[in-house]
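First the structure, in the form of structure tokens, and then the observations on it.
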Amino acid sequence: MPPKNIADLKKIVVPFAKNHNVNYIAVFGSFARGKAKKQSDIDLLVSFSKPISLLDLISMELKLGEKMKKKVDLVTKKALHPKIAKYIKKDLKILYEK
């Protein structure tokens, strides 16, 4: 069942983060604002304790998507363009932080 709120999302994301070298993970976008629709994806900003490959990042997106029964977009802090970052920071809801 897809997550309906931040509490549901945390139940999925926190155990996943602890098992995948994640230092920080936060939701942003329509889900964070409480305006997600049935077809909306879940946007997550993530930071890792050690570098990961693009293939690993994509694999994590797919695994989280399967668990959530929704499309998930993982964005690393390093990949975030500064002009977009200021808009994302307004929405951020931290789900996990080491």
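Any read-out appearing in this document is the output of simple, stated calculations on the displayed coordinates, not a laboratory observation. This structure is a prediction, so every number in the text was calculated from the model and none was measured. Positions of Cβ are generated from backbone atoms using ideal geometry, with glycine treated the same way; all protein chains shown enter the neighbour counts.
I'd like the full set of residues that are within 13 Å of the chain's Cα centre (by Cα) and assigned to a helix (DSSP H, G or I), limited to the stretch 66-82.
The answer is LYS67, MET68.
Being under 19 Å from ILE94 (Cβ atoms), in contact with a Phe, Trp or Tyr (Cβ under 8 Å, 6 or more places away or on another chain) and either surrounded by fewer than 17 Cβ atoms within 10 Å (Cβ to Cβ) or among the hydroxyl-bearing types (Ser, Thr, Tyr) (or both) narrows it down to one residue among ASN5, ASN23; which is it?
ASN23
Please specify each residue of the stretch 83-98 satisfying the condition of being among the hydroxyl-bearing types (Ser, Thr, Tyr) and surrounded by fewer than 11 Cβ atoms within 10 Å (Cβ to Cβ).
TYR87
Looking at (1) assigned to a strand (DSSP E or B); (2) over 10 Å from the mean Cα position of the chain (by Cα), which is the one condition that is false for ALA26?
It is condition (2) that ALA26 fails.
Do you know which residues across the stretch 10-21 are under 20 Å from LEU57 (Cβ atoms) and touching a strand residue (DSSP E or B) at 6+ places or on another chain (Cβ under 6 Å)?
Passing the criteria: VAL13, VAL14, ALA17, ASN21.
So ALA36 passes all but one of these: (1) surrounded by fewer than 13 Cβ atoms within 10 Å (Cβ to Cβ); (2) free of Cβ contacts under 8 Å to residues at least 60 places away in the same chain; (3) not β-branched (Val, Ile, Thr). Which condition number does it fail?
(1)
Do we find a residue being surrounded by 13 or more Cβ atoms within 10 Å (Cβ to Cβ), among the polar types (S, T, N, Q), touching a residue at least 24 places away in the same chain (Cβ under 8 Å) and not in a helix (DSSP H, G or I) anywhere in the stretch 48-65?
no
Given the conditions (1) over 19 Å from ARG33 (Cβ atoms); (2) in a helix (DSSP H, G or I); (3) of a type outside the set (D, E, K, R), and given that ALA85 satisfies all but one, which numbered condition is not satisfied?
Status for ALA85: all satisfied but (1).
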